[in-house]
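Visitor: First the structure, which I've put down as structure tokens, then a few questions once you've had a look.
Nothing in this text is a laboratory measurement; each read-out follows from the coordinates by a stated rule. It should be emphasised that the depicted structure is a prediction, and the values quoted were computed from it without experimental measurement. Ideal geometry is used to build each Cβ from the backbone, glycine not excepted, and the neighbour counts take in all protein chains shown.
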Amino acid sequence: MLCEDFSPTRRAVLGATGALFAWAFMPRFAHAASGRDPRFVTIILRGALDGLTAVPPVGDPDYEALRQQLTLRTEGENPALALDGYFALHPSLRNFQRLYRKGEAAVVHASATGYRDRSHFDGQDVLESGFATPGHVESGWLNRLLEQMPAGETINPAAGDRVSGLAIGASAPLVIRGKAPILGWAPSVLRPADGDLAPRLADLYGQTDPMLAALLAEGVETGRIASGVDIKARGGPGDPQGMEQMARGAARLIAHPEGPRVAALAFEGWDTHAQEVDRLAKLLTGLDNALAAFEQELGPVWKDTVILVATEFGRTARINGTEGTDHGTATTAFLAGGSIRGGRVIADWPGLKEAQLRDGRDLAATTDLRAVIKGLAIDHLGAGAGALDKLVFPGSDLIRPMKGLIV
């Protein structure tokens, strides 16, 4: 299968500056009238996660014969982690299992967007734009959701100089691009500048360009909050150390009393056509550490937090000749956070018999990811159902919000 080259070359070049790019800066927020102060984080896994390896259905009688070399077992060397008896968890996801046992994490299996073809670019477009078809790249569903939130709440301060959301990475993920103002931060990949550089630039710009001086000051303050303590590990969005670093920076910013409440990150490299066992173990370790970093850095606001982890589509249920999997349909979404009603796998399981597979090779989708997001938006953020159907996910009127996801 021809796989598109979606290497983030331009983003990597931009990220090499270590720059903080701010469309607006962090305001002082009034507390929401309800007294709640929710946080919402979306993590996009670009490349298509193999949900049958991340959360193997060990209780399905057809699982082992179908997955062959990729089979995970709950006993023996490096066993899969127990969940509910029917489903298990990849051994790299120990922090997620701990959160699951605490009731602060859940799995949504056999889920997908409405996209049914096999292009990474189109699949990511549909996932992040919120439209039913590709080609709508002007804004993302998360940014449009911010626009529709009640004005004056902590999620939407409704003022031109105030920040609603946070984009992490060298370029803002599509899911959070749009009209609502967002703050951007990217971890530095270069040696830190000399300590007197920023004050010298501030003095220079203060005399010649007040607007640039203000942006510089905002960027420096953003970096100070996001960096916190010195993190010596460096890496990109497809590297376990880079994932953790991005998560820590995001958590520190949204935990700040004056910071944004909604964030988007994108982790890359999940396209496992060959040698999936080793590659996916490394990537899932990065995701697992990122979730643990959010829990640690958010501290007391973890209890008001929801994290959604989603990918553009799944992988084939049948493995290929290079011990990997090709582009498929349904996959796994993860939910984590102190506001999640966790400790469960949410699945209308379609089964793995040949007649039950889509096109004879894919896990069939039985849960629309938009139903999950709608449920989170209504019950966690207080969004209106009408706006979700018409503006956030246009044309999704028949997709009912999933209830019972929030404590």
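Visitor: T305's amide H: which non-local residues (gap 5+, or another chain) put their own amide H closer than 5 Å, with H modeled 1.01 Å from N in plane and none for Pro or chain starts?
Guide: Result for T305 returns R39, G338, S339.
Visitor: While we're here: Where in region 234-271 are there trypsin sites (Lys or Arg not before Pro) that are in a DSSP coil and have at most 15 other Cβ atoms within 10 angstrom of their Cβ?
Guide: On the way: sites: R234, R248, R252, R261; in loops: R234, R261.
Counting only loop positions with at most 15 other Cβ atoms within 10 Å, the trypsin sites (Lys or Arg not before Pro) in region 234-271 are R234.
Visitor: Would you mind checking K102/K390; K102/K403; K179/K282; K179/K374; K282/K403 for any pair whose Cα atoms are more than 31 angstrom apart?
Guide: Values: K102/K390 36 Å; K102/K403 20 Å; K179/K282 36 Å; K179/K374 20 Å; K282/K403 33 Å.
With Cα atoms farther than 31 Å apart: K102/K390; K179/K282; K282/K403.
Visitor: Looking at the calculated P(r) for region 263-407, what percent of the C-alpha pair distances fall above 22 Å? Walk me through the numbers on the way to the answer.
Guide: Values: 5325 of 10440 pairs.
Cα-Cα pairs in region 263-407 separated by more than 22 Å: 51 percent.
Visitor: Also, I was wondering about something else. So, R0 is 25 Å and r is the distance between the beta-carbons of R36 and D397; what FRET efficiency does that work out to, to 0.05? All intermediate terms of the calculation are to be shown ahead of the outcome.
Guide: Numbers: r = 28 Å, r/R0 = 1.11.
Here the calculated transfer efficiency is 0.35.
Visitor: OK, next. Report, in cubic angstrom per residue, the convex hull volume of the C-alpha atoms of region 56-147.
Guide: On the way: hull volume 13.6 nm³, N = 92.
Once divided by residue count, the hull of region 56-147 is 148 Å³.
Visitor: Give, in nm to one decimal, the length gained when the segment between K303 and T208 is fully stretched (0.36 nm per residue of separation minus the Cα-Cα distance). Write out the running numbers ahead of the final one.
Guide: Numbers: separation 95, 0.36 × 95 = 34.20 nm, distance 4.57 nm.
Here the answer is 29.6 nm.
Visitor: For N78 and K102, compute 0.36 nm times the residue count separating them, minus their Cα-Cα distance, and round to one decimal in nm.
Guide: On the way: separation 24, 0.36 × 24 = 8.64 nm, distance 2.28 nm.
Value of the extension gain: 6.4 nm.
Visitor: Between R116 and V137, what is the label-to-label distance in nm when each label sits 7 Å out along the Cα-to-Cβ direction?
Guide: Here the modelled spin labels are 2.5 nm apart.
Visitor: When the chain is fully extended, how far beyond the present Cα-Cα distance does A387 get from D359, taking 0.36 nm per residue of separation?
Guide: 6.6 nm
Visitor: Separate question: FRET efficiency for Q241 and A274, Cβ-Cβ distance as r, R0 = 22 Å, nearest 0.05? Walk me through the numbers before you get to the answer.
Guide: Values: r = 23 Å, r/R0 = 1.05.
For R0 = 22 Å, the calculated efficiency reads 0.40.
Visitor: Just how large is the dipole of region 248-407 about the Cα centre, in debye to the nearest 20, putting +1 at every Lys and Arg Cβ and -1 at every Asp and Glu Cβ? Each step should come with its number before you reach the end.
Guide: Numbers: 18 positive and 20 negative charges, 87 e Å.
Computed charge dipole of region 248-407: roughly 420 debye.
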